[in-house]
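**Q** Before I ask anything, let me first share the structure, which is written out below as structure tokens.
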Amino acid sequence: MAGNKRIMKELAEVRTNPPPGCTVTLADENDMGTWDAVMDGPPDSPYTGGHYKIQITLPKEYPFKPPQLSFKTKIYHPNVSNDDRGAMCLGMLRPDEWKPPNKIADVLRLVRSVLAAPQPDDAVEQGIADQFKNDRKSFDKVAKEWVGRYAK
Amino acid sequence: MRQSLFAGRWRIRLPSSLDGAALRVTKTPPVTRKRKLDTASLSATSQPPPEPKRKASKTTHKDSIAQVEAALPATPQTLTSDKGMDSDDDFASVASSMELGEELSSSVDFGAEDSDVELEDYQDDDSAFETHAKQKPKRKAFEVEYKVYSPQDIQDQQDKQVAEVAALLEQPTEQTAILLRFGRWNKERLIEQYMDNQEEVLDKAGLGQNMSSNPPRIEAIDGFMCDICCEDTPGLQSYAMNCGHRFCVDCYRQYLAQKVREEGEAARIKCPGDGCNKIIDVKSLDLLVTSDLTDRYHELLMRTYVDDKESLKWCPAPNCVYAVECGVKKRELAKIVPTVQCECKHSFCFGCTQADHQPCPCSLVKRWMKKCEDDSETANWISANTKECPKCHSTIEKNGGCNHMTCRKCRNEFCWMCMGMWSEHGTSWYNCNRFEEKSGSEARTEQAKSRQSLERYLHYYNRFANHEQSAKLDKDIFHKTEKKMTLLQSSSGMSWIEVQFLEAASQALQQCRQTLKWTYAFAYYLARNSQTEMFEDNQKDLEMAVENLSEMFEKSTDQLAGLKVDMLDKTSYCMRRRVILLDDTAKKLKEDVWEFNVELA
């Protein structure tokens, strides 16, 4: 794997100097291909106080193919699918937008910014997006409820 | 039977043989010189027309009678062979049987003939392209002009355009090719933009200025670390375009391989640099793309040419490499159903690339398919098992024994049997015999109305689905036909050419069923008026013709030989009915005569 040295380097960087609010570990110390990240809900967002487990899977073509992201903690958010996959729709992770020099730390930073500022026009959960746009109060309420229920 | 055989032979051979020749000569100027000479010498020597006929019937045995019959209507080819017969009988019979076969297939296979015609009709500046055609002066209303291109044609076409624009812009051809791909092959717009702001266009297309003076090359740079693989071995070979994003050659190559092989990109691959939109130019690609990728890469480049042009489309048939050019624009699709046939014989709609769906316009096809997807089975079930609440029209399934229904939605209470209000039932609980009551009969009328639309849909859907199913069975028939043809050859001593009528019939069946199928989708969206009635008459005629022909395939092999003429007749009748229906429908579509019960998008 061409990316081995690269992945090691990335991992070392992320461990010594993690993106704000994140801690990263390997799911299995012998497997460089699956990373576990825990992200704190950004302050000033309904998710504050929550801790979100995010699994990052590196395809064997990494970094030529983008990593895959999956929320293991349920989150009430227009851009995260409300199912087992917990997929997040990020432009950066689309095959035609991903560039090999992009790093996982960049992805995590982007994820956190999307948590802080949902993008309802680019939603995977249309219902939640509509609520976010039209009835921000109830959206915040449900999102906070979910933090208490799933993300403590 | 024998009578009609006989009559048919006489009727056709005698007058029409000369008519046909005359027709062909006046209608189609560019016949080959040889044929012209033949027909000319024929009329010059003024051979009496009955002569060859008598000769044929006198000299030939049973088989050649069959051949002759196969030749209806007679054409110049038969005349030439007849002429030859004077000098050399053996030669003539060989020649005529060959030509008859040819004639047979073209007289039956309308589709093939039509496509040839359009190829030649098409006038374009790229006259260099190979066309294989006879000319037919007038096109039917349901036919469109189109051309089929081989991969080589497409390549040539690109090269030619590149050369043209290169001369105009005074740019080397490779750069021009990049510019054209960048401009999605819109020559005029590209030239205009280029004239307006040369530098901007060059820059956007990924052709920075000092490309020619200081071309990028693969080199080793001191202290370089590749941002992708994090290698920093001294002497590491690396490459950067003039945007300055430098990566090691291995990573660059892998990046390109990924794009070319996995993502199918070629003309618009961006620099791997983070956020850099510079397109990798051909020179860089040539330098970097490994030899095992070049074929795929060039194929993809060619693909973008077809993909970028509105007037070009790939044939959607699996593994087909041809592309079709047709001038019909998207906005015209409400007026015309542009059906084209590829070299590979696949007929498809140029508008939506679905299989041939004449006479139904694309938008109705889309609507219909969606409706069928959602509805067909459900609708059948609803029709069989449910009624509607007389008040709110919710669909209700009766799942228990009692006739006293309470609508879950509007709480209306009614009797399942008479559909009347339950309150009027008085004491006749669970024993409805109140058919004459007013509320009941009104409710039933209402119900009937709403059910009617469902039944209407099912009427059309069932016929549509039936023809689709039959068309699939026709495929089986076709395979059986092939076997029958082989059997016929051995049992009746007929030659391969002579049993072709079966294949022709089977092909005609398929084509007509395809058309019929879509007439039902079309009719579903037609408003009721006299035009629609005419359409349905045409539809009925074609349907009857098709079923008659279809029935003949059930006959046993030993009967088939004797049915040849009948089958040929029925085949050509089917095709005629199809042409009549399509022509009429297409004309009215063009002239906006049809009244639809939906918006034609």
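The values are calculated or read from the model by the stated rules, or taken from the named source; none is laboratory data. Computed from a predicted model, the values in this text were never measured in an experiment. When we count neighbours, we look across all protein chains shown, and the Cβ atoms used for this are built from the backbone with ideal geometry, even at glycine. Heads up: the accessible areas ignore ligands, DNA and RNA and are worked out on the full protein's heavy atoms, side chains in. Shrake-Rupley method; radii C 1.70, N 1.55, O 1.52, S 1.80 Å.
**Q** Can you check what the net charge comes to around B:Lys540, using other residues whose Cβ is under 12 Å from the Cβ of B:Lys540 (Lys, Arg +1; Asp, Glu -1)?
**A** Within the 12 Å Cβ shell, the charges total -4.
**Q** Per the Kirkwood formula on distinct C-alpha pairs, the Rh of the range B:154-308 is how many angstrom? Please list the in-between numbers first.
**A** Details: mean 1/r = 0.0612 Å⁻¹.
It works out to 16.3 Å.
**Q** Another question, then. With a point put 7 Å past each Cα toward its Cβ, work out how far B:Thr233 is from B:Ala355 in nm, to one decimal.
**A** Going by the 7 Å Cα→Cβ label model, 5.6 nm.
**Q** Moving to a separate point now. Using unit Cβ charges (K, R positive; D, E negative) and no other charged atoms, how large, in debye to the nearest 20, is the dipole of the range A:4-150 about its Cα centre?
**A** Rounded to the nearest 20 debye, it is 220 debye.
**Q** Could you tell me which trypsin sites (Lys or Arg not before Pro) in the range A:8-113 are loop residues by DSSP with no more than 11 other beta carbons within 10 angstrom of their beta carbon?
**A** Values: sites: A:Lys9, A:Arg15, A:Lys53, A:Lys60, A:Lys72, A:Lys74, A:Arg85, A:Lys103, A:Arg109, A:Arg112; in loops: A:Lys60, A:Lys72, A:Lys74, A:Arg85, A:Lys103.
Counting only loop positions with at most 11 other Cβ atoms within 10 Å, the trypsin sites (Lys or Arg not before Pro) in the range A:8-113 are A:Lys60.
**Q** How many percent of all Cα-Cα pairs in chain A sit more than 29 Å apart?
**A** 17
**Q** How much solvent-accessible surface does B:Trp496 expose, in Å² to the nearest 10, with a 1.4 Å probe and all protein chains in place?
**A** My reading of the accessible area for B:Trp496 is about 140 Å².
**Q** Moving on to the next point. In whole percent, how big is the carbon plus sulfur part of the accessible area of the range B:154-308, probe 1.4 Å, protein atoms only? Show your work: numbers first, answer last.
**A** On the way: 3370 of 7600 Å².
Answer for the range B:154-308 is 44 percent, counting heavy atoms of protein chains only.
**Q** OK, next. Using a basic spin-label model with each label point 7 Å from the Cα along Cα→Cβ, how many nm lie between B:Ser490 and B:Asn197?
**A** Taking the two extended label points, one gets 7.7 nm.
**Q** Determine, from the Cβ-Cβ distance of A:Glu13 and A:His51 and an R0 of 25 Å, the FRET efficiency 1/(1 + (r/R0)^6), rounded to the nearest 0.05.
**A** My answer for the efficiency is 0.65.
**Q** Relative to the longest principal axis of the C-alpha atoms of chain A, give the angle of the C-alpha long axis of helix A:104-116, reported between 0 and 90° and rounded to the nearest 10°.
**A** 0
**Q** Let me ask another. In the range B:485-511, which residues have a backbone nitrogen under 13 Å from the label point lying 7 Å from B:Asn319's Cα in the Cα-to-Cβ direction?
**A** No residue qualifies, since no backbone N sits under 13 Å from the label point.
**Q** Hey, another quick one. Which is farthest toward the positive dipole end of the range B:156-276 among B:Cys243, B:Val165, B:Trp185, measuring Cα position about the Cα centre, with Cβ charges +1 (Lys, Arg) and -1 (Asp, Glu)?
**A** B:Trp185
**Q** What accessible area, in Å² to the nearest ten, does a 1.4 Å probe give for B:Glu591?
**A** 130
**Q** Check B:Gln237: other-chain or 5+ apart residues with amide H under 5 Å from its amide H, H built from backbone geometry?
**A** Excluding prolines and chain starts, which carry no amide H, the hits are B:Val249.
**Q** What does the charge count around B:Val593 come to, taking other residues whose C-beta lies under 14 Å from its C-beta (Lys +1, Arg +1, Asp -1, Glu -1)?
**A** -2
**Q** To one decimal place, what orientation-averaged projected area in nm² is obtained for the convex hull of the Cα set of the range B:452-590?
**A** The number I arrive at for the range B:452-590 is 8.8 nm².
**Q** Expressed as a rounded percentage, what relative contact order does the range B:452-590 have, with Cα pairs under 8 Å and six or more residues apart? Don't skip to the end; give the middle numbers.
**A** Working: 113 pairs, mean separation 42.4, N = 139.
That works out to 31 percent.
**Q** Something else: Counting only other residues whose beta carbon sits under 11 Å from that of B:Lys391, what net charge do I get with K and R as +1, D and E as -1?
**A** On the way: positive: B:Lys409, B:Arg411; negative: B:Glu388, B:Glu413, B:Glu446.
With Lys, Arg at +1 and Asp, Glu at -1, the neighbours total -1.
**Q** Label B:Arg268 and B:Glu174 with points 7 Å out from Cα along Cα→Cβ: what is the distance between them in nm?
**A** Distance between label points: 2.3 nm.
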